[in-house]
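Working notes for the structure below.
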Amino acid sequence: MAGREAGHRPPAVPAWPSGAAGETLAGTEAAAHVGLALAPTLAGAGIGTAGRDSDRPMNFPGEMMRNLLARLLLVAVPYLLYAGTPASGAERPLLPATLNEELRMLPVGTGWSSVELETTLFVPPGAGPFPLVVINHGRVTGDPRFDPRARHLVASREFLRRGYVVAIPMRPGFSKSGGSYVDPRCDIESSARLQAETIIAVLRQLRLRPDIDPDRILLIGESEGGMGVMAAAATGFPGLRGVLNLAGGLRSGAADCLWQEALVESFAAFGRTSKVPSLWFYGDGGSHWGKELPRQLHRAYREAGGQAELITDTDFAGDAQALFASAQGVPIWWPESERFLREIGLPTEILFDVVSTPRPAPTGYAELSDSEALPYVDEYRRELYRRFLGLPLPRAFAIATTGNVGWAQGGTDPLAAALGNCERSARRACALYAVDDEVVWQAGEGSRSPATDPLREP
């Protein structure tokens with residue numbers, strides 16, 4: 001069948017509102033101009049945007065641009081998008097909007113090689129034991145120390161709702177993790193195996209938790225992290241059931257490096273010792289690997305003895321990595337992943353629903369386009385609001401009595417994201433001013449009267 005090596009073609013994506021996405025981007029006050037100016041570009045790529053009027057500065061504008069386009073600092077809180085159907089008519093238990101998120105510094109290694117890895121965990125309610133998903137992040141250009149903590153909220157939400165513990169460790173040298181990032185130059189296979197050592201060390205730690213089932217483990221990796229999970233699959237780690245490879249690979253800029261050949265040889269080496277089934281997603285129009293290289297990787301892996309199914313007809317904004325980052329991508333990658341999970345004996349039934357932010361009713365407080373009607377804010381924030389109005393739906397804009405603002409476009413819950421962005425800047429409660437094309441601000445919220453102002457300090 002055209003577009004893939006095996007299995008059924010995933011459902012076609014209906015036309016989605018440009019800019020709808022599952023993960024939002026947080027911006028600095030300076031970057032607010034960048035983020036809003038980039039909105040049409042980001043919208044075309046299916047990536048959500050968000051921001052607030054103050055934040056810690058990035059190291060330089062180019063880094064901010066790269067982070068906007070290639071890595072997501074996730075601040076949205078998921079809501080039901082691709083819910084599926086309950087097994088029975090009974091109402092499912094609700095997960096909190098926080099998704100039971102935990103942040104841990106996970107110690108791995110021993111002696112001089114011991115480091116702590118900044119690790120995000122999403123844990124279902126209950127005692128377990130639960131199946132475990134470990135997501136291995138990718139990499140963008142620039143200093144990896146400035147990479148934001150990966151959260152992969154869209155994918156994490158889907159697995160958490162089905163009763164999985166989701167773990168997302170930052171590798172050595174990334175974000176707040178200890179250790180150093182080692183530039184692979186042209187030694188692509190060694191770089192992947194180094195990643196695999198970290199992944200296996202994380203698995204050894206996590207499988208000791210009483211709420212984790214050590215015999216039901218799934219690995220997911222995207223971009224450079226996808227190559228890492230393929231190397232980890234070749235280790236024969238006990239309890240590992242399968243791997244999802246999302247546009248995995250590594251491009252080297254080293255002089256005289258034939259990186260395509262090195263990448264093919266690396267995947268062949270992984271295939272020689274791997275006994276774990278894997279499902280690969282690469283877009284035919286992918287900006288990273290093109291059309292033919294993924295097929296070469298797949299062929300080399302299978303000819304060496306590896307088990308892999310390649311799906312290449314999932315082109316999403318020109319990039320299979322964007323597929324995984326966006327809520328609009330869930331109807332593409334989840335049905336294929338669900339089939340794969342069933343084949344390898346992992347659960348797929350939805351056990352929990354997720355609390356979402358209630359949408360306020362429109363109030364008629366002012367015309368949507370009337371930026372002069374915004375209470376509390378100065379001209380700079382009015383300009384941010386005017387730029388916000390150019391963003392695609394879904395979107396939300398929030399205001400604090402301090403004059404701080406926050407906004408979000410796309411994402412799994414832009415209302416929660418906008419409120420969260422605003423409150424991080426204002427350090428006090430915020431209220432929604434506009435949602436999509438409606439003003440939802442209450443007249444009392446525009447007054448400083450302590451009797452009527454819901455934003456007052458207690």
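The values are calculated or read from the model by the stated rules, or taken from the named source; none is laboratory data. Everything numeric in this text was worked out from a predicted model, so none of it was measured. Positions of Cβ are backbone-derived with ideal geometry, glycine not excepted, and every protein chain shown enters the neighbour counts.
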Practice task
Please find, among R204, R171, the residue that is among the basic types (K, R), over 23 Å from A254 (Cα atoms) and assigned by TED's automatic domain parsing to the domain that holds D256.
Solution key: R204
Exercise for the section: Return the only residue of T235, T273 being surrounded by fewer than 24 Cβ atoms within 10 Å (Cβ to Cβ) and in contact with a helix residue (DSSP H, G or I) (Cβ under 7 Å, 6 or more places away or on another chain). Expected result: T235
Problem - Lone unmet requirement of (1) crowded, with 17+ Cβ neighbours inside 10 Å; (2) over 22 Å from the mean Cα position of the chain (by Cα); (3) over 26 Å from R272 (Cβ atoms) for D211 - result: (1)
Problem - Y380 farther than 21 Å from D436 by Cβ and out of contact with any Gly (no Cβ under 9 Å at 6 or more places or on another chain) - result: yes
Problem - Evaluation of I350 against (1) in a helix (DSSP H, G or I); (2) modelled with pLDDT under 95; (3) closer than 20 Å to V165 by Cα; (4) over 18 Å from the mean Cα position of the chain (by Cα) (one fails), failing number - result: (1)
Handout entry: Selected residue [outside any helix (DSSP H, G or I) and crowded, with 18+ Cβ neighbours inside 10 Å] from L263, L250
Key = L250
Exercise for the section: Identify all residues within the stretch 177-188 that are free of Cβ contacts under 8 Å to residues at least 60 places away in the same chain and under 30 Å from G126 (Cα atoms); write none if there are none. Expected result: none
Fill in the blank from the handout: Subset of the stretch 111-131, residues within 15 Å of L203 (Cα to Cα), out of contact with any Pro (no Cβ under 7 Å at 6 or more places or on another chain) and either charged (D, E, K, R) or free of Cβ contacts under 8 Å to residues at least 12 places away in the same chain (or both), comes to E118
Practice task
Kindly indicate whether D256 is at pLDDT 95 or above and either surrounded by fewer than 19 Cβ atoms within 10 Å (Cβ to Cβ) or under 14 Å from G138 (Cα atoms) (or both).
Solution key: no
Problem - Test: residue in the stretch 374-396 that is part of a strand (DSSP E or B) and not assigned by TED's automatic domain parsing to the domain that holds E101 - result: yes
Exercise for the section: Report whether or not A308 is small (G, A, S) and modelled with pLDDT of 90 or more. Expected result: yes
Practice task
Of the conditions (1) part of a loop (DSSP other than H, G, I, E, B); (2) in contact with a Lys or Arg (Cβ under 7 Å, 6 or more places away or on another chain); (3) modelled with pLDDT under 85; (4) not charged (D, E, K, R), T402 clears all except one; give me its number.
Solution key: (3)
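So that you can scan it fast, the table gives a plain yes or no per residue for (1) among the aliphatic types (A, V, I, L, M); (2) in a helix (DSSP H, G or I); (3) over 20 Å from the mean Cα position of the chain (by Cα):
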| site | (1), (2), (3) |
| --- | --- |
| S190 | no, yes, yes |
| T198 | no, yes, yes |
| V202 | yes, yes, no |
| L218 | yes, no, no |
| G225 | no, yes, no |
| R241 | no, no, yes |
| A269 | yes, yes, yes |
